Amino acid sequence: MKVAISSSGDTLQSNVDPRFGRCPYYIVYDTESGSFKAVENKSRLASGGAGIQAAQSISDMNVKAVITGNVGPNAFRVLSAASIKIYSGATGSVEDAIEKFKKGEYKETSGPDVGPHFGIDRK
């Protein structure tokens, strides 16, 4: 099964990014083969709709589950419509998150846990 983890970097040692739609990378991990690839999140700099665009990109990769720190309402709606399971509240390294997922330590998220526009840097 393919799992996408929101990540601050492009390795398994990178930290899980708390922002689904605005994280710099997704680590797409195959639980069967143990292989992974880092995919740059091109929608992270969008002025609006980053969560929707990111969720559509994840769906296009045939991912079956997402592990992230937080998920907003728009991304939640798109991921749910694509039958992608969402596990939020993850912290630590991507590698740790994958191990916890494999052990069944995450509970599927039943709804968004942040509001719209979470993670936008408003300077």
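The values are calculated or read from the model by the stated rules, or taken from the named source; none is laboratory data. Everything numeric here is computed off the predicted structure, so don't read it as measured data. Note that each Cβ is placed from the backbone with ideal geometry, even for glycine, and that neighbours are counted across all protein chains shown. For accessibility, only protein heavy atoms count, side chains too; no ligands or nucleic acids. Shrake-Rupley method; radii C 1.70, N 1.55, O 1.52, S 1.80 Å.
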*Scanning for something more than 18 Å from Thr109 (Cβ to Cβ), in a loop (DSSP other than H, G, I, E, B) and among the polar types (S, T, N, Q), does segment 50-64 turn up at least one residue?*
yes
*Could you tell me whether any residue of segment 61-70 is small (Gly, Ala, Ser), in contact with a Phe, Trp or Tyr (Cβ under 7 Å, 6 or more places away or on another chain) and open to solvent by less than 80 Å² (accessible area, probe 1.4 Å)?*
yes
*Tally of residues being open to solvent by 60 Å² or more (accessible area, probe 1.4 Å), of a type in the set (S, T, N, Q) and within 18 Å of Tyr29 (Cβ to Cβ) across segment 71-111*: 1
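Taking segment 67-86, which residues are farther than 15 Å from Ser8 by Cα and either touching a residue at least 40 places away in the same chain (Cβ under 8 Å) or in contact with a Lys or Arg (Cβ under 7 Å, 6 or more places away or on another chain) (or both)? Working first, answer last.
From segment 67-86, those farther than 15 Å from Ser8 by Cα are 71-86; that's our starting set.
Of everything in segment 67-86, those that are farther than 15 Å from Ser8 by Cα and either touching a residue at least 40 places away in the same chain (Cβ under 8 Å) or in contact with a Lys or Arg (Cβ under 7 Å, 6 or more places away or on another chain) (or both) turn out to be Val71, Gly72, Pro73, Asn74, Ala75, Ile84, Lys85.
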*Cβ-Cβ below 7 Å, separation at least six or inter-chain, first residue in segment 93-113 and within 21 Å of Ala75 (Cβ to Cβ) and modelled with pLDDT under 95, second in a helix (DSSP H, G or I) and of a type in the set (A, V, I, L, M, F, W, C): which pairs?*
Gly111/Phe76; Pro112/Phe76
